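For reference, the structure is listed below as structure tokens.
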Amino acid sequence: MSRSYIFSSESVGEGHPDKVCDTISDAILDACLAVDPTSRVACEVYAKSNVVVVGGEITTSAKPDYTTLVRESIREIGYTHDDDVFHADKVFVMNIITAQSPDIAQGVDARAADGKETAEQGAGDQGLMFGFACNETPELMPAPVMFAHRLGRALTHKRKSGAVDWLRPDAKTQVSVIYEGHKIIGISNVVISTQHAESVSHETIRSFLIEEVIRKEIPADLLRPETQFLINPTGRFVIGGPQGDTGLTGRKIIVDSYGGMGRHGGGAFSGKDPSKVDRSAAYMGRYVAKNVVAAGLADRCEVQFAYAIGHPEPVSIHVNTFGTNHVDEERIEHAVSKVFSFRPAEIVRQLDLLRPIYSKTTNYGHFGKDDPDITWERIDRVEALKAAV
């Protein structure tokens, strides 16, 4: 008999301090790639109170105006209220960017170098990456994180459309889903914490978020009479964003991926050009896993592979279907290795990653989005996988 359990995942809004930093990092990356597709970018941002520090290593022929990019990103998020210390027009921007280390560059570049075994483009770093897919939602993503993202998107839409004037940019959502085995049978609780204007009452916030956000975004058949709604549980959330907490690029890697249901190798995505396998290989993993599930080879699929810096081939590839496979796992693994190439240069080519598309990925997850620019969500290798199996 299948065991009953609860699995929870969270999402954060565009105005969350860490997402502010991710947004700025990806905006700078896109600005570089728009001019120079060969740009090497590893951009890290720190935000606190009215200060934004932009650091990292960037080598590009582009000449981005970093201060303007920071202010435009903050303005688009919505930090334009005069009662907020963190304001698009008032933040102090500190730039401490340097060029990419030549020792790293020689390993990544497609050229021969002393001590390098091959002239091929190598991985930008060592590390392990995971991709995941499952058939419990139309996006082939875990339901808890997709529900949490839905709530976050709805909050942002309500705020930016002017539906209410008291919503502010910082927000977090969380959904706890009840399972029997891999079957979803209900939702035990929903948590929303949103920054708000001081003038609005807690009861107004609670009523609006339950009726106009939760009940419109979560399937009604999953909301039980006993489902608990926890709305701004502290009772007050006026001070938010970088005024209330520190922001840093790359701290929301579980929100960015699978909400904890699929594993994560530890490397952040935002602010990194696709020579960094932390980002590009994680996208490749999602592409592979999604096609395996879409092909009906398994109901759930996790793909793991690992790299050594400067080396063009992965040092390992592993497929795990958690017992949901419909053909032998070894055959699936063989088919994956036959159909897909995991060399860093080939990942970039297969997914067409040298484009300024990364600002589309920053918020509400890097996976599960329906956008032609998000090439790792395509299911165009289904027939090839079936044939290889």
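A few comments on the model shown:
- A single member of Arg355, Arg349, Arg343 is under 20 Å from Gly124 (Cα atoms), free of Cβ contacts under 8 Å to residues at least 60 places away in the same chain and assigned by TED's automatic domain parsing to the domain that holds Ala294, and it is Arg349.
- Top-ranked residue of the stretch 165-186 - restricted to ones that are within 14 Å of His81 (Cβ to Cβ) and more than 24 Å from the chain's Cα centre (by Cα), ranked as modelled with the highest pLDDT: Trp166
- The stretch 1-36, residues that are modelled with pLDDT under 95 and of a type outside the set (S, T, N, Q): Met1, Arg3
- Just one of the listed residues (Val277, Val238, Val255, Val293) is under 21 Å from Arg349 (Cα atoms) and hydrophobic (A, V, I, L, M, F, W, C), and it is Val277.
- Whenever a residue of the stretch 187-212 is under 21 Å from Gly15 (Cβ atoms), its partners that are among the hydroxyl-bearing types (Ser, Thr, Tyr) and outside any helix (DSSP H, G or I), lying with C-beta atoms within less than 6 angstrom and at least six residues away or across chains, give the pairs Ile192/Thr173.
- For the stretch 148-166, the set of residues classified as touching a residue at least 60 places away in the same chain (Cβ under 8 Å) and over 26 Å from Glu136 (Cβ atoms) consists of Arg159, Lys160, listed by residue number.
- So Gly271, is it surrounded by fewer than 16 Cβ atoms within 10 Å (Cβ to Cβ) and either at positive phi or touching a Gly at 6+ places or on another chain (Cβ under 8 Å) (or both): no
- Considering Gly271, Gly266, the condition of being of a type outside the set (Val, Ile, Thr), touching a strand residue (DSSP E or B) at 6+ places or on another chain (Cβ under 6 Å) and touching a residue at least 60 places away in the same chain (Cβ under 8 Å) is satisfied by Gly271 alone.
- Filter result (in a loop (DSSP other than H, G, I, E, B), crowded, with 18+ Cβ neighbours inside 10 Å and out of contact with any Lys or Arg (no Cβ under 7 Å at 6 or more places or on another chain)) within the stretch 363-389: Gly365, His366, Gly368, Arg381
- Within the stretch 281-294, restricting attention to residues that are among the small types (Gly, Ala, Ser) and buried (at least 24 other Cβ atoms within 10 Å of the Cβ), the residue that is farthest from Lys252 (Cα to Cα) is Ala289.
- Tally, over the stretch 191-204, of residues that are of a type in the set (Val, Ile, Thr) and more than 28 Å from the chain's Cα centre (by Cα): 2
- Single condition Ala306 does not satisfy, out of (1) in contact with a strand residue (DSSP E or B) (Cβ under 9 Å, 6 or more places away or on another chain); (2) assigned to a loop (DSSP other than H, G, I, E, B); (3) surrounded by fewer than 24 Cβ atoms within 10 Å (Cβ to Cβ): (2)
- Screening Pro233, Pro169 for residues that are under 25 Å from Thr361 (Cβ atoms) and either in contact (Cβ under 8 Å) with a residue 12 or more places away in the chain or assigned by TED's automatic domain parsing to the domain that holds Glu44 (or both) leaves exactly one candidate, Pro169.
- For the stretch 298-321, taking the residues that are at pLDDT below 95 and either under 15 Å from Leu140 (Cβ atoms) or among the hydroxyl-bearing types (Ser, Thr, Tyr) (or both), the one that is nearest to the chain's Cα centre (by Cα) is identified as Tyr307.
- Residue match in the stretch 213-226 (condition: charged (D, E, K, R), at pLDDT 95 or above and buried (at least 16 other Cβ atoms within 10 Å of the Cβ)): yes
- Identity of the residue in the stretch 367-389, closer than 14 Å to Glu139 by Cα and aliphatic (A, V, I, L, M), that ends up nearest to the chain's Cα centre (by Cα): Ile374
- Listing of helices (runs of 4 or more DSSP H) fully contained in the stretch 230-297 that carry 1 or more residues being at pLDDT 95 or above and among the hydrophobic types (A, V, I, L, M, F, W, C): 253-256, 277-294
- When residues in the stretch 193-221 are screened for being in contact with a strand residue (DSSP E or B) (Cβ under 8 Å, 6 or more places away or on another chain), charged (D, E, K, R) and farther than 19 Å from Pro144 by Cβ, 1 of them pass.
- Enumeration of residues in the stretch 19-38 that are surrounded by fewer than 23 Cβ atoms within 10 Å (Cβ to Cβ) and not hydrophobic (A, V, I, L, M, F, W, C): Asp30, Asp36, Pro37, Thr38
- Residue match in the stretch 342-358 (condition: aromatic (Phe, Trp, Tyr), within 22 Å of the chain's Cα centre (by Cα) and assigned to a helix (DSSP H, G or I)): yes
The values are calculated or read from the model by the stated rules, or taken from the named source; none is laboratory data. None of the values given here were measured: they were computed from a predicted structure. Counting neighbours? That spans all protein chains shown, and the Cβs are built from the backbone with ideal geometry, glycine included.
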